[in-house]
Amino acid sequence: MPAKSKAQQKAAGAALSAKRGETKKSALQGAACEMLDSMSEEQLEDFASTERKGKPDHKR
């Protein structure tokens with residue numbers, strides 16, 4: 001399932017980076033922290049790889 005907004009895509013990218021050990025888990029905030037705990041690496045990759053063109057900044 002692709003990300004529905006730019007913010008969701010960016011949060012998934014941050015969570016994916018932490019899950020892979022590239023960044024510290026303590027550096028995550030908000031949605032990225034929740035995504036880290038509740039989603040698999042494959043799901044995070046799917047969200048993070050979503051094309052950002054044409055997406056709203058935030059989903060309402």
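The values are calculated or read from the model by the stated rules, or taken from the named source; none is laboratory data. The shown structure was predicted, so the numbers you read here are calculated from the model rather than taken from an experiment. Backbone-built Cβ (ideal geometry, glycine too); neighbour counts: all protein chains shown. Heads up: the accessible areas ignore ligands, DNA and RNA and are worked out on the full protein's heavy atoms, side chains in. Shrake-Rupley method; radii C 1.70, N 1.55, O 1.52, S 1.80 Å.
What the phi angles of region 36-46 give under the Karplus curve with 6.51, -1.76 and 1.60, with θ = phi - 60°, is a coupling list of 4, 7, 9, 10, 7, 4, 5, 5, 5, 4, 4 Hz, glycine and proline written as x. If we count every other residue with Cβ under 15 angstrom of GLY54's Cβ, Lys/Arg +1 and Asp/Glu -1, where does the sum land? It works out to a net charge of +4. Counting Lys and Arg as +1 and Asp and Glu as -1 over every other residue whose Cβ lies under 12 Å from the Cβ of ASP37, the net charge comes to +1.
What is the Cα centroid distance between region 39-60 and region 1-29, reported in whole angstrom? Computed from Cα coordinates, the inter-centre distance equals 9 Å.
Heavy atoms only, probe 1.4 Å: what % of the accessible area of the chain goes to carbon and sulfur, would you let me know?
On the way: 1990 of 4270 Å².
About 47 percent, which is the carbon plus sulfur part of the accessible surface.
Computed 3J(HN,Hα) for region 7-18, one whole-Hz value per residue from the Karplus formula 6.51 cos²θ - 1.76 cosθ + 1.60 where θ = phi - 60°, is 5, 5, 5, 5, 5, 5, x, 5, 5, 5, 4, 5, glycine and proline marked x.
Taking a straight line from the alpha carbon of LYS19, these aspartates and glutamates sit under 20 Å away, with near neighbours fewer than eight places off in the same chain left out: GLU34, ASP37, GLU41, GLU42, GLU45, ASP46. Where only DSSP H runs of four or more residues are counted, the chain gives -15500 deg cm²/dmol as its mean residue ellipticity at 222 nm, each run worth -39500 (n - 2.57). Model label points for SER40 and ASP57, set 7 angstrom from Cα along the Cα-to-Cβ axis, are 3.5 nm apart.
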